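The values are calculated or read from the model by the stated rules, or taken from the named source; none is laboratory data. These figures come from a predicted structure and were not determined experimentally. Every residue, glycine among them, receives a Cβ derived from its backbone with ideal geometry; neighbour counts consider all protein chains shown. Side chains included, ligands, DNA and RNA excluded: accessible areas come from the protein's heavy atoms. Shrake-Rupley method; radii C 1.70, N 1.55, O 1.52, S 1.80 Å.
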Amino acid sequence: MKRIMTILLAVAFAMSLPAKQNAATAPQLQFDASKSETRVMTMPDGQLVKYTAYEGMYFVTNVEDSAYQTINVYVPEGATQQTPIFLRTYVGGYMASKAGQPQAGDATGRALREGYVVAIPGSRGLNSTVTATKTDKKAGIKKGQTIYTGRAPKAILDLKAAIRFLRHFDKEMPGDAERIITDGTSAGGAMSALMGATGNNTAYEPMLRAMGAANERDDVFASICFCPITDLDHADMAYEWLYNGTDSRQQGDKEVLAVSDELKALFPAYVNSLKLRTPDGTLLTADNYLDFIKSELMRAAQIAKNAGADIPDSIGFKFNAESGFGVPPINGGMTGGAPKAAQGTMPQMMARRGGGQKAGEYIIDLDMPKYMNYVVTTLPLKTAPAFDTQGVCGQAASGENEEFGDRTGTSVNFTEFGAQKSGLALTDEIKENARLLNPMNFIGDKETDVAPHWYIRHGARDRDTSFPIPLNLALKLQNAGKDVNYLLAWNRPHSGDYSLDELFGWLKELLP
Ligand code: DHB
């Protein structure tokens, strides 16, 4: 009887596997420690870092796109089972990204030098394609057809599968999969935010299972997000709310400017609905949000000024008056004029500012309209809408419109506003894909294991998305009890992996 039951169970199990597979032949995830190579990286200061490379490992068993669904892992000399894992995604522009190698000049090289295990997974993206090898009438696919493999939410599914792979082989590989730190910039910053904010949420589970991802958890320990292009559902309204008043939004196509006005008007209801609180407990609303941005810009500029940066008053900053104390005019002191040898080479920080007033140490005010006009001079604004452009005033599709398209390569609207303007339908499928691509939907949710530690940076002159997007993310996390280090980093444009001394100092405090 027992034997019959065993046979019946075995048959039932084999039938539950995909066609022509049984337990013996079903593809397995592989980690082969013998397939490795020892390498040396030369850091920018000449230091040599020795490490072992394990490359090209598939993180799913049902590989759809062999160019992207692999992970590389790099283990520096001295790493143990307890060493944290620094996982960098090189996603940019929501495009496909191959499993990369560590770069001496970015956070991956630095992480290796600091002794972290470095993991660099690939992921499918809006431009990844394969050619169908056979006709599948049920799926509506013809042999020879180009299939877009990476439309939303495929990139985050691949990255979650990569995290599961690291957990699956945690005992076989050096590094501690319970201490994964994710890092990415821009669309990659959005991916890092998603890895941090969607851990173990069941909405992704059926798709991960179908891909043949390991049956493991996918939550992470910390998430580093540089200029995350995220909350795409609300990024257009936030953009116009912030930039509508700039001089550059007063020029151009009248229809587009009217769209800017309409979008701007949608932001207050959204931001009020978030019920966010600033670190001092103040409830944030559309009425005080600009003051909050102002205080964040002043905080960032003050940090930079303290470190010796020259913050120009011409872009809107005001300083306290310089203190009355002067250096005595002996032994080269400056009072009464600089010594002859130094004349003409006086450092700028000593120079008198406009009106004969020397700047004091404190930034005491910021003229926001002036500052926002300055930001716009560093790089022209995006059009309105900034993201969901397709068909709005006859405008072309953006990368984001493609990101939410389907496997036949369509591009679609993904906001109510865009769909209403273009007349295209916002299907339930598109809405669900947009939901799964937005970390804001999962923070504070009991069904999700959100990373406990966050480092969020957005440049103080980055106009690729507007300041409320990273700030809302940071505050929502902080309000949910997470440890969040965030800053509108002074004078940084749209960029990432900067201030690495500071970043790795933060990590060292977390993981001594
Ligand atoms: C990126 C930049 C953008 O402005 C955008 O809309 C999407 C992605 C990027 O750099 O990844």
Could you figure out which of (1) under 21 Å from I229 (Cβ atoms); (2) outside the structural domain of M195 (by TED's automatic domain parsing) isn't true of K508? (1)
Any residue at all in segment 367-386 that is more than 16 Å from the ligand (Cβ to nearest atom), in contact with a strand residue (DSSP E or B) (Cβ under 8 Å, 6 or more places away or on another chain) and without any contact (Cβ under 8 Å) to a residue 40 or more places away in the chain? no
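Looking at segment 39-58, is at least one residue touching a residue at least 60 places away in the same chain (Cβ under 8 Å) and closer than 22 Å to A96 by Cβ? So that I can check it myself, show each step before the final result.
Keep residues of segment 39-58 that are touching a residue at least 60 places away in the same chain (Cβ under 8 Å), which gives 41-44, 47, 49, 51, 54, 57.
Next, only the ones that are closer than 22 Å to A96 by Cβ stay: 54, 57.
Checking segment 39-58: at least one residue is touching a residue at least 60 places away in the same chain (Cβ under 8 Å) and closer than 22 Å to A96 by Cβ.
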With respect to L473, determine if the residue is more than 16 Å from the ligand (Cβ to nearest atom) and either under 25 Å from N491 (Cα atoms) or of a type in the set (A, V, I, L, M, F, W, C) (or both). no
For the condition open to solvent by 10 Å² or more (accessible area, probe 1.4 Å) and closer than 24 Å to G496 by Cα, what is the one hit in D247, D219, D231, D261? D219
Within segment 81-100, track down each residue that is more than 16 Å from the ligand (Cβ to nearest atom), under 19 Å from the mean Cα position of the chain (by Cα) and part of a loop (DSSP other than H, G, I, E, B). A99
Output the residues belonging to segment 387-432 that are part of a helix (DSSP H, G or I), within 16 Å of the ligand (Cβ to nearest atom) and open to solvent by 10 Å² or more (accessible area, probe 1.4 Å). G399, E400, E402
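Condition check: under 28 Å from N62 (Cβ atoms), at pLDDT 95 or above, part of a helix (DSSP H, G or I) and open to solvent by 40 Å² or more (accessible area, probe 1.4 Å). Does A210 satisfy that? Outline the logic, then answer.
Values: under 28 Å from N62 (Cβ atoms): yes; at pLDDT 95 or above: yes; part of a helix (DSSP H, G or I): yes; open to solvent by 40 Å² or more (accessible area, probe 1.4 Å): yes.
Here the answer is yes, as A210 does meet what is asked.
Listed here are the residues, each with its yes/no results for (1) aliphatic (A, V, I, L, M); (2) open to solvent by less than 10 Å² (accessible area, probe 1.4 Å); (3) farther than 22 Å from M57 by Cβ.
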position	(1), (2), (3)
G122	no, yes, no
K142	no, no, yes
Y148	no, no, yes
K154	no, no, no
D170	no, no, no
G175	no, yes, no
T185	no, no, yes
What about T129, is it in contact with a Phe, Trp or Tyr (Cβ under 6 Å, 6 or more places away or on another chain), touching a residue at least 24 places away in the same chain (Cβ under 8 Å), farther than 20 Å from D497 by Cβ and surrounded by fewer than 21 Cβ atoms within 10 Å (Cβ to Cβ)? yes
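Would you check which residues across segment 491-512 are buried (at least 20 other Cβ atoms within 10 Å of the Cβ) and of a type outside the set (D, E) and list them? Break it down into steps so the answer makes sense when it comes.
Pass one, segment 491-512, residues buried (at least 20 other Cβ atoms within 10 Å of the Cβ): 492, 496-497, 503, 507.
Answer for segment 491-512, where residues must be buried (at least 20 other Cβ atoms within 10 Å of the Cβ) and of a type outside the set (D, E): R492, G496, L503, L507.
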I'd like the full set of residues that are more than 13 Å from G150 (Cβ to Cβ) and either more than 19 Å from the chain's Cα centre (by Cα) or within 16 Å of the ligand (Cβ to nearest atom) (or both), limited to segment 111-129. L112, R113, E114, G115, Y116, V117
